[in-house]
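Only the coordinates and a few stated rules stand behind these numbers; no lab work does. Predicted model, so just to flag it, every value in this text is computed and none were measured. Here Cβ is always computed from backbone atoms with ideal geometry, including for glycine, and neighbour counts include all displayed protein chains.
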Amino acid sequence: MPAPVPAPVEPTGPGTDDGPAHVLTPSEELRQGLAALRAEVAKAVVGQDAAVTGLVIALLCRGHVLLEGVPGVAKTLLVRTLSAALDLDTKRVQFTPDLMPGDVTGSLVYDARTAEFSFREGPVFTNLLLADEINRTPPKTQASLLEAMEERQVSVDGTPRALPDPFVVVATQNPVEYEGTYALPEAQLDRFLLKLTLPLPEREHEVEVMRRHSQGFDPRDLAAAGVRPVSDADQLTRAREEVARVQVADEVLAYAVDVCRATRQSPSLSLGVSPRGAAALLAAARAWAWLSGRGYVTPDDVKALAHPTLRHRVQLRAEAELEGVTAESVLDTVLAAVPVPR
Ligand SMILES: Nc1ncnc2c1ncn2[C@@H]1O[C@H](COP(=O)(O)OP(=O)(O)O)[C@@H](O)[C@H]1O
Ligand SMILES: [Mg+2]
């Protein structure tokens, strides 16, 4: 997982040893604008820096995020705070067992005055959707969201309706072994750019959470905690244009591909990373390079993003799982084995 966004580095001037003259130098103003999101989120959420950085990377890539953690580690609070820190249209849907597909995508409603059916947009028509506790809802409703995520449109009565741009879903879930949950279909997990995990807080962070609570912090009132919109769609678009210009040298590109290919050879896996996964890894590494103030991707960027972009795209063999092997440990093995370009 990437570390928090580092402090600004000295921009490398054109024609230095660090890269050729045409390499982009990320705009400090844009970069700081996005880094400001982290400071805003920190007004409500203590720690969890890696997850916050992951969410910013996803926004830069217009990618969806699966956020996993046991109950009570601030999954919901984190995404609610991020929403409050963005001047974007945001919606939240609680995925309950009785939620219907139409409650997500929208449905046709009959208007008695005009005697016609018209489409009423569901909450999916938004810029940032918090799909809370997605694995508590049955597969049919999950599928309606996963389809919309993939196609960036909703088709009801045969008419496709485009979703807004950006359209980013952050879905939260408890670890899948929890009771009363419907695991997301393996085949559809790769619609998420990143899978981020929220660990239990460190002691020092947990003490700080308690201190804030005793000083009157109310997680339901983020405005009172001073959380304000500090970034918007325009800023995200401009940042994305810069991210698109971040360069990937052939050998770094080949390194990302080799890492993904190596997962397909792993004896512990029944399913390795697809080419779609390799593309996701490169996209996320580019955004991370840009956030770090560089106009080019290094092998370390690829390494830093390998876990969050690949961990949900591999499938363990049952035998390996019994032996205690995890997706994480397989990825560690692969990263240790694949030669890194100099
Ligand atoms: N890292 C944290 N920073 C701030 N508050 C936290 C943190 N971890 C837990 N909390 C507290 O625990 C509550 C539960 O968080 P919530 O977002 O509902 O968890 P989850 O969605 O993971 O079940 C929050 O409202 C907050 O008061
Ligand atoms: Mg929650």
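Using each residue's phi in the stretch 86-96, evaluate 6.51 cos²θ - 1.76 cosθ + 1.60 at θ = phi - 60° and report the 3J(HN,Hα) Karplus result to the nearest Hz, with x for Gly and Pro.
10, 8, 9, 6, 10, 9, 10, 10, 8, 7, 8
Any idea what the relative contact order of the stretch 246-342 is, in percent, if you count C-alpha pairs under 8 Å spaced at least 6 apart? Working shown, then result.
Working: 130 pairs, mean separation 35.9, N = 97.
Here the relative contact order equals 37 percent.
Using amide H atoms built 1.01 Å from N in the peptide plane, name the residues 5+ places from residue 121, or on other chains, whose amide H lies under 5 Å from its own.
none
If amide hydrogens are placed 1.01 Å from N in the peptide plane, which non-local residues have theirs closer than 5 Å to the one on residue 172?
Under 5 Å from the amide H of residue 172 lie the amide H atoms of 67, 131, 132, 133, 134, each far enough along the sequence or on another chain.
If packing is taken as the mean number of other Cβ atoms within 10 Å per residue, what is the order of 266-275, 304-313, 332-341, highest first? Each step should come with its number before you reach the end.
On the way: 266-275: 16.8, 304-313: 24.6, 332-341: 14.7.
Ranked by mean Cβ neighbours within 10 Å, highest first: 304-313, 266-275, 332-341.
What shape does the stretch 246-342 have by the C-alpha gyration tensor, where a ≥ b ≥ c are the square roots of the eigenvalues, rounded means a/c under 1.5, and otherwise prolate means a/b greater than b/c and oblate the rest? Mind showing how you got there, number by number?
Values: a/c = 2.33, a/b = 2.12, b/c = 1.10.
Since a/c reaches 1.5 and a/b is larger than b/c, the shape of the stretch 246-342 is classed as prolate.
Would you calculate a helix-derived [θ] at 222 nm for the chain, using -39,500 (n - 2.57) for each DSSP H run of n ≥ 4 and dividing by the full residue count, to the nearest 500? Kindly include the intermediate steps, with their values, before the conclusion.
On the way: 12 runs with 141 residues, N = 342.
Per the formula, -12500 deg cm²/dmol.
How large, in Å, is the chain by the Kirkwood hydrodynamic radius built from its alpha-carbon pairs? Mind showing how you got there, number by number?
Numbers: mean 1/r = 0.0470 Å⁻¹.
About 21.3 Å, per the Kirkwood formula over Cα pairs.
Mind checking which of 229, 185, 138 has the largest fluctuation in a GNM of the chain, springs on alpha carbons under 10 Å?
Highest fluctuation among the options: 185.
Collect residues whose amide H, placed 1.01 Å from N in the peptide plane, falls under 5 Å from the amide H of residue 161; neighbours closer than 5 in sequence don't count.
154, 155, 156
Filter the chymotrypsin sites (Phe, Trp or Tyr not before Pro) in the stretch 33-120 down to the DSSP loop ones having no more than 10 other Cβ atoms within 10 Å, then list what survives. It would help to have the intermediate numbers written out before the result.
Working: sites: 95, 110, 117, 119; in loops: 95.
Those that pass, being in a loop and sparsely packed, number zero.
Which residue, chosen from 308, 326, 270, occupies the Cα position most advanced towards the positive end of the dipole of the stretch 246-342, where the dipole is computed from +1 (Lys, Arg) and -1 (Asp, Glu) charges on Cβ about the Cα centre?
308
By count of other Cβ within 10 Å, fewest leading, how are 300, 157, 221, 103 ordered?
Ascending Cβ contact count within 10 Å gives the list 157, 221, 300, 103.
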